[in-house]
């Protein structure tokens with residue numbers, strides 16, 4: 001990342017915070033290098049006030065919302081059909097007459113490296129995009145969860161109504177092409193972003209500030225990311241997370257239910273990594289909130305940003321549009337906290353003073369007696385940051401909730417399973433299978449071996465752990481999370497590598513072994529004979545990793 005990128009992001013925020021409010025209200029910013037008036041449009045980055053609904057906006061986390069189970073109820077038969085079709089294509093004979101397992105696809109963080117590889121990983125499972133031995137399995141997933149860099153891909157895919165990767169690659173005029181096909185320079189210094197676009201970003205964030213909402217460097221970052229991920233007016237400024245529920249693929253229940261996560265941090269905190277005890281917050285099209293002790297509540301995503309006491313809003317007006325899709329995506333992938341903390345010049349008092357106070361995403365806090373966490377109980381704002389900042393770059397946490405009843409989860413990742421395991425112990429999430437120590441991963445060379453965790457734990461999910469292995473070229477998986485500039489060649493390499501991770505380099509035996517892992521929890525007594533050899537090869541058992 002260029003030094004000027006961090007500097008310009010923070011300076012942009014500093015400029016916004018010092019603009020006269022009257023100038024912002026008239027959309028005329030009197031800067032020496034900026035004199036831009038917004039074209040007339042119904043869409044704005046600034047949230048708006050709308051009449052409040054009659055139902056409560058917040059609920060205790062005693063279970064899932066009514067909308068999520070309704071979606072899963074309609075999705076599950078379609079997922080079962082896709083899984084049954086895929087299983088019947090196997091050379092081995094799988095019984096598909098019994099109840100089929102529930103599958104979730106879980107992604108991880110890692111900047112552009114993760115976004116591109118997760119795109120390739122997903123593409124391999126998508127029957128629209130290939131004829132590999134695993135193609136068609138994407139339709140069997142009822143959930144898809146990710147965080148940080150992985151969320152760039154998932155949110156871009158969702159915003160384009162869950163378009164295929166090949167569609168995003170070949171379609172011109174879609175800004176996400178800069179992520180999928182490369183030549184990426186995400187932030188302000190991107191020469192593709194013309195001067196008017198750079199100015200518009202400042203105006204977008206300034207309007208949110210003038211509307212009375214807190215803004216941080218994450219808002220500037222979110223608008224920059226939006227121009228790269230979303231299409232539509234002003235970098236897809238009208239896209240919202242709640243709006244995903246109105247897209248045809250979601251309304252038809254033909255896609256996995258999407259979840260992304262952020263972590264809660266202390267206001268002004270720049271600690272990296274954050275403690276594993278940091279609270280995990282979930283974003284879905286219907287709700288935002290946390291299951292963690294001290295919060296244990298969810299708010300209606302459509303009205304996110306509304307000041308709430310107990311379960312009712314303060315006053316008769318509610319906030320709408322705070323769930324801007326770019327802002328949400330930026331909240332889970334705010335690598336600025338890390339990159340800028342080591343890149344910002346130290347000679348500017350203004351910049352370094354802002355460094356510890358702006359590199360988070362702030363939300364108006366939901367005030368009420370139901371909260372006891374010290375991170376929020378005495379605060380007026382909720383501070384969130386990169387979903388992978390707690391040394392846990394894996395969005396498996398939501399899939400461990402017993403309410404979601406997930407059986408199997410393919411998971412491309414490196415080492416974060418151990419961190420997730422430790423978090424699950426602290427939260428008493430018994431769906432998590434046993435995961436060995438990092439030292440065991442190292443001594444048994446498990447970081448390079450695909451493994452099935454939870455094979456013999458009937459009450460735990462089966463994690464199909466697929467490590468980040470460089471199949472295409474040496475060290476292509478070792479690109480830095482903080483590298484936000486990839487060439488076309490690098491991006492194409494990462495996408496192809498993600499596909500080869502999903503197919504295990506085209507191993508002819510892999511689809512059957514994957515099917516064995518998927519079906520073991522559902523019908524262990526009716527598995528074909530080939531499965532035992534697969535389990536010997538891939539299952540982590542008895543505290544030792546079997547050799548490949």
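Read-outs: derived from the displayed coordinates by stated rules, not from any lab. Here the structure is a predicted model, which means the values were calculated and not measured. Here the Cβ positions follow ideal geometry from the backbone for every residue, glycine too, while neighbour counts run over all protein chains shown.
Globularity index of region 274-331 is 1.21 (Cα radius of gyration / 2.2 N^0.38 Å, N = number of residues). Of the Cα atoms belonging to region 71-127, the radius of gyration and Dmax stand at 14.5, 42 Å. Extension gain for residue 92 to residue 62 (0.36 nm times residue separation, less C-alpha to C-alpha distance): 6.6 nm. Between residue 456 and residue 296, the contour length at 0.36 nm per residue exceeds the Cα-Cα span by 54.5 nm.
Highest average first, the peptides 401-409, 321-329, 423-431 ordered by how many other beta carbon atoms sit within 10 Å of their residues are 321-329, 401-409, 423-431.
When 244, 494 are sorted by how many other C-beta atoms sit within 10 angstrom of their C-beta, beginning with the fewest, the order is 244, 494. Ranking of 215, 106, 472 by neighbouring Cβ atoms within 10 Å, starting from the fewest: 472, 215, 106.
Mind running the shape call on region 48-142? Use the C-alpha gyration tensor, a ≥ b ≥ c as the square roots of the eigenvalues: rounded below 1.5 for a/c, prolate if a/b tops b/c, oblate otherwise. Taking the square roots of the gyration eigenvalues as a ≥ b ≥ c, region 48-142 is oblate. Annotation: the residues 114, 95, sorted from fewest to most other C-beta atoms within 10 Å of their own C-beta, follow the order 95, 114.
Shape of region 395-447 from the C-alpha gyration tensor: prolate (a/c of 1.5 or more and a/b above b/c, with a ≥ b ≥ c the square roots of its eigenvalues). Sort region 98-173 into rounded, prolate or oblate with this rule: let a ≥ b ≥ c be the square roots of the eigenvalues of the Cα gyration tensor; rounded if a/c is under 1.5, and if a/c is not under 1.5, prolate when a/b is larger than b/c, oblate otherwise. Verdict is oblate for region 98-173.
Kirkwood radius for region 422-476, taken over all pairs of different Cα atoms as the inverse mean of 1/r, rounds to 12.8 Å.
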